[in-house]
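I have placed the structure first, in the form of structure tokens, so that the comments after it can refer back to it.
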Amino acid sequence: MGATIQCPDCGAANSARAASCRLCGDPLNATAAAQPGMQQKMLRRTDFVSAARANSRATTRLVLLLLFIGGLMGYVLGWNLEIFLGETAWELDTIWFPSAWGAWGATLMIAASLLWTLIAMKQGDRIVLRITGARQVDRDDEPILHNVVEEMAIAAGIPKPQVYVIETEALNAFATGLTLRRSAIGVTRGLLDTLNRDELQGVVGHEVGHIVNLDMRYATAVSTLVGLIALVADTAWRVVYVSGRGGGRVRTSGSGRGGGGGAAVALLILFLVAALAPVFAKLVQMAVSRQREFLADATSVRLTRNPHGLMSALGKLSQQAAPFPGANRATQHLFIVNPFKHFPEKASRLMATHPPLEARIRRLSNLGGE
Amino acid sequence: MELKLGQIIVIGLIVLLVGYVISAYNRLVQLRNQVRNGWRQIDVQLKRRHDLIPNLVESVQGYMSHERETLRQVVEARARAVETEGKGPEEANPAEQLLTGALGRLFALMENYPDLKANQSVANLMEELASTENRIAFSRQHYNDSVMAKNTAVESFPSNIVARLFGFRHATYFEIDTQERAAPQVSLR
């Protein structure tokens, strides 16, 4: 970076790497635009197909990890309940045998996860539209936005999503929809005013990417899993509390079979799991969210065959100052950039729903954007 | 009669095999339909382009009275392209290429008429045309992506066995020579 070139059209200074002017959107590199061969060469280097595959694999692993955490919690909880309430007498040397209650706990937990996810899938994709105050716009009001959305839908081979606009200065965009047939894309007024057509296309391509990659399903599945883990962790805390403090009470109430040393070890493990699992699950959820952002970026490039538009759009988004009024923790993962604030690369990296913009731009440039 | 372990394994394998053949067959059907639909989508967008051109010519005629020849070429090229509608790519391609060239010349000339660019209805038409050019390109791109997915399934093991069994063939890519690849530059600003 550092070197700048002047736009031949409007005279604005641009980064030497920019493909089109940041003000007027005209292509800067006349030779590159004029030679179709150049573009072909760029595309051959652009390995978005395997990028998408690697991302999907990463997400699948993370979802399986969450199911594993849930199952583990179910097991440990069932195991502890068996020790404190069951019929078997447990001592330190017998406590490690596989617990039947634990197996039941794990099975129940996984079954509940799947069931709850299925229920959540039936609804809830429209919440973001209400929360953000998005308004559906007609073709006549926003012809360019409608055209860009339809172009990207054609490139992805999906029905055209509904088009929404949020009246705010902030620069952001979101997508929602649990099925390909019923989806919606929303952009802010500030975004429409700031970006040129290529950049808008990159952003809409990213949102269409979320739709074709079925990210709303992933997000719904993951957040129900995380919610369930948090709920069970709460229950586990109660068990820890009751048996740690009122262990004597359990015994005096007649079922006093919670053998001494063994029970203490089991309780300690339950304590650890209840404390760590929700935090860990939350971290995994954020990691899934970040993976899906990278994947949507790669999909955008697959659809537009032009990484420069999205790159320069993300560059503009990273410099915005206007806060986004309609965002909350429940919907933040749906937006193209985190609606709360600009996360610096180092700070709160693990708890962020979005990868740092610098990293996203860097990955896009690896997809042939130079 | 009791089944031996070997028999259970054999039956299990057969069930797995049949299950795989069914799923591979369904996937191939889905890919084939995607390719066919992608092909029709290109036609839809070309039709859209043909429908827009009379409006454009109508709107710019008044401003561009000196460019009769170019306008005539556009109208003629459109008429030839309309004739090839629905006749398949081999016939449609040369006509579409001719139209692309004529449109490109018209767009280049329009740059010389600032009044034209200031006219809102012309600007709207230009956006529609620019979008249509994009849609044609994107529908071809999607078609080729679908062809690639289908061909990969037809070629790769073991789905290639199922493909041969049921006669799924390679789909052909949409290819154009370099001339048309230089799409007309539509400047909106």
_Checking the structure you have, find out if any residue of the range B:94-109 is within 14 Å of another protein chain (Cβ to nearest Cβ), more than 15 Å from the chain's Cα centre (by Cα) and among the aliphatic types (A, V, I, L, M)._
yes
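Residue check: is residue A:144 within 11 Å of chain B (Cβ to nearest Cβ), in a helix (DSSP H, G or I) and surrounded by 24 or more Cβ atoms within 10 Å (Cβ to Cβ)? Talk me through it step by step, then tell me what you get.
On the way: within 11 Å of chain B (Cβ to nearest Cβ): yes; in a helix (DSSP H, G or I): yes; surrounded by 24 or more Cβ atoms within 10 Å (Cβ to Cβ): no.
In short, no.
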_Looking at the range A:167-213 only, could you name the residues that are part of a loop (DSSP other than H, G, I, E, B) and of a type in the set (Ser, Thr, Tyr)?_
A:168, A:179, A:183
*Can residue A:149 be described as away from chain B (no Cβ under 14 Å) and either surrounded by fewer than 17 Cβ atoms within 10 Å (Cβ to Cβ) or in contact (Cβ under 8 Å) with a residue 24 or more places away in the chain (or both)?*
no
*List, please: which pairs have Cβ atoms under 6 Å, are six or more places apart or on different chains, and start with a residue in the range B:128-140 that is under 24 Å from residue B:59 (Cβ atoms) and end with one that is of a type outside the set (A, V, I, L, M)?*
B:131/A:147; B:132/B:48; B:132/B:49; B:134/A:151; B:135/A:151; B:135/B:45; B:136/B:45
*Can you name every residue in the range A:276-297 that is under 16 Å from residue A:335 (Cα atoms) and over 11 Å from the mean Cα position of the chain (by Cα)?*
A:297
*Go through (1) farther than 17 Å from residue B:132 by Cβ; (2) at pLDDT below 85 one by one and return the number of the condition residue B:76 breaks.*
(2)
*asked:* Can you confirm whether residue B:157 is surrounded by 15 or more Cβ atoms within 10 Å (Cβ to Cβ), away from chain A (no Cβ under 11 Å), assigned to a loop (DSSP other than H, G, I, E, B) and hydrophobic (A, V, I, L, M, F, W, C)?
replied: no
*Six or more apart or on different chains, Cβ under 8 Å: which pairs go from a residue in the range B:26-54 that's within 13 Å of another protein chain (Cβ to nearest Cβ) and closer than 18 Å to residue A:159 by Cα to one that's of a type in the set (Phe, Trp, Tyr) and in a helix (DSSP H, G or I)? Could you list them?*
B:35/B:143; B:38/B:143; B:39/B:143; B:41/B:143; B:42/B:143
*Just one of (1) hydroxyl-bearing (Ser, Thr, Tyr); (2) away from chain A (no Cβ under 14 Å); (3) surrounded by 12 or more Cβ atoms within 10 Å (Cβ to Cβ) trips up residue B:65, so point out which.*
(3)
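Looking only at the range A:277-287, decide whether some residue is at positive phi, surrounded by fewer than 21 Cβ atoms within 10 Å (Cβ to Cβ) and modelled with pLDDT of 85 or more.
No, every residue in the range A:277-287 fails to be at positive phi, surrounded by fewer than 21 Cβ atoms within 10 Å (Cβ to Cβ) and modelled with pLDDT of 85 or more.
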*Does at least one position in the range B:117-135 carry a residue that is more than 9 Å from every other protein chain (Cβ to nearest Cβ), out of contact with any Leu (no Cβ under 8 Å at 6 or more places or on another chain) and not in a helix (DSSP H, G or I)?*
yes
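The values are calculated or read from the model by the stated rules, or taken from the named source; none is laboratory data. Not measured: the values here are computed from a predicted model. No Cβ is skipped: glycine too gets one built from the backbone with ideal geometry, and neighbour counts run over all protein chains shown.
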